[in-house]
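Written below as structure tokens is the structure these notes are about.
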Amino acid sequence: MTTLVTGASGFVGRYAVRELVSAGAEVVALDHAPAAGLPRSPRLSAVQGDVRDLRHLARVAREHRVDRIIHLASLLAPASQDDPYHALEVNVIGTQNLMEVALLCGVTNFTWASSMAVFGHQTQADDDSEEFTESSRHCPDNVYGTTKSYAEGISLAYRERYGLNTVGLRIGLVYGQGKERGEGLFTEHLFDRPARGEDSVVPFGDDVFSWQYVRDVARAFILVNGRDETDQGIYNLPGTVASMRDAVDLVRELRPAVTIGTEPGRLGFPYRFSTTAFEKLAGDEHPLTPLRDGFAETLDRLRDGGGE
């Protein structure tokens, strides 16, 4: 089996490629930028390309005899807000292009990155439940969330109309070594500075999040992509619910020589999600990394320069 991974030089993409290569898979790593942070392996082919270019994508899939696709390329929230047209091209048209490639080239399984951003800042689901399920009402309030909501509709249409095993996995607050500064709003303050031994003040001290370790997220995509049958086309990915103050306390324990404070404030995104469907699909094959272990590994890797 050969798996095409888009966004392969991105945050989750790099981890997914490493996991696949370590498992002995043949991997085609596609990114719009030159390959960076990827392992050296005879089983890995790095390809530069743009998800907006349907012909090039189809050519890559045919030349490498791609069997499965993990689509992680996205224009993230700040960049999407700055350039809505580009966001539509990448997050919607790019996703649909890859579904077309899957149909044209006989790809069996297509797994792609959606987002909890489809829910916006709602505090309760439409049934007055505090937990958001896969079928809860979308209410995106930024361009990024809007593009992901639209892409979910397209994905479900391809699943129903063409029988393509297309599955969107909704990800939320993903943390870990390799996240670009500015992506996570506070990761520089919570992880990077303490890892360098610098004192820090972390914003959004009154908030609560569902924390997802990047390796767990990468493994979830690989696990679902390996399922030839899935009960539904969208799944919420699980995380560990903890407040920002709890997170700061953990970092203090792990780096006691550093002084870390918090600033009041909230981002206000929902953090309670029903993940029963994913847990049923994954069974015991997807244990979550304990928050303390994930934080410790993140800090150690940042201190050591990100080595694997």
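Please treat every number below as a calculation from the coordinates, not as lab data. Just so we're clear, the structure is a prediction, and the values are computed from it rather than from any experiment. Reconstructed Cβ throughout: ideal geometry from the backbone, glycine too, with neighbour counts over all protein chains shown.
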Worksheet entry | Fraction of beta bridges assigned by DSSP in the chain that are antiparallel (%, nearest 5) | 10 percent
Worksheet, complete the sentence: A chain fully extended from ARG43 to ASP83 at 0.36 nm per residue, minus the present Cα-Cα distance, gains in nm 10.8 nm
Worksheet item: Helix 54-63 versus the longest principal axis of the chain: what is the Cα-based angle in degrees, 0 to 90, to the nearest 10?
Response: 80 degrees
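Order of 140-149, 265-274 by packing, highest average Cβ count within 10 Å first?
Ranking the peptides 140-149, 265-274 by packing returns 140-149, 265-274.
Taking the Cα centre of the stretch 41-163 as origin, work out the dipole magnitude from +1 charges on Lys and Arg Cβ and -1 charges on Asp and Glu Cβ, in debye rounded to 20. The partial results should precede the final answer.
Working: 11 positive and 17 negative charges, 186 e Å.
Roughly 900 debye, rounded to the nearest 20.
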Practice prompt. May I ask you to evaluate 6.51 cos²θ - 1.76 cosθ + 1.60, the Karplus curve with θ = phi - 60°, for each residue of the stretch 37-48 and list the ³J(HN,Hα) values in order in whole Hz, giving x for glycine and proline?
Written response: x, 9, x, 8, 7, x, 8, 10, 10, 8, 10, 8
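Can you give the calculated 222 nm mean residue ellipticity of the chain, where each DSSP H run of n ≥ 4 adds -39,500 (n - 2.57) and the sum is split over every residue, rounded to the nearest 500 deg cm²/dmol?
Working: 10 runs with 106 residues, N = 308.
The helix-only estimate for the chain comes to -10500 deg cm²/dmol at 222 nm.
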Discussion item. Which residue, GLY37, SER243, PHE11, has the largest displacement toward the positive end of the dipole of the chain when charges sit on each Cβ (Lys, Arg +1; Asp, Glu -1)?
Written reply: GLY37
Worksheet entry | Viscosity 1.567 mPa s, 4 °C: Kirkwood-radius Stokes-Einstein D of the chain over Cα pairs, µm²/s | 66 µm²/s
Discussion item. With angles folded into 0 to 90 degrees, how steeply does helix 143-162 sit against the dominant principal axis of the chain? Use alpha carbons for both and round to 10.
Written reply: 40 degrees
Practice prompt. Work out the charge dipole of the chain with +1 on the Cβ of Lys and Arg and -1 on the Cβ of Asp and Glu about the Cα centre, then indicate which of LEU223, THR146, SER135 is farthest towards its positive end.
Written response: LEU223
Practice prompt. Let me know the Kirkwood hydrodynamic radius for the stretch 179-308, please, with Cα pairs as the basis and the value in Å to one decimal.
Written response: 16.0 Å
Discussion item. Applying a 10 Å radius around every beta-carbon, put 107-119, 197-209 in order of their mean neighbour count, most first.
Written reply: 107-119, 197-209
Item to complete: Report, in debye and to the nearest 20, how large the dipole of the chain comes out about its Cα centre when Lys and Arg carry +1 and Asp and Glu carry -1 on their Cβ.
Response: 900 debye
Worksheet item: For the charge dipole of the stretch 249-308, defined by +1 on Lys and Arg C-beta atoms and -1 on Asp and Glu C-beta atoms about the Cα centroid, which residue among PRO287, LEU254, GLY265 has the Cα displaced farthest towards the positive pole?
Response: GLY265
Item to complete: Just report the Cα centroid separation between the stretch 95-153 and the stretch 66-81, whole Å.
Response: 12 Å
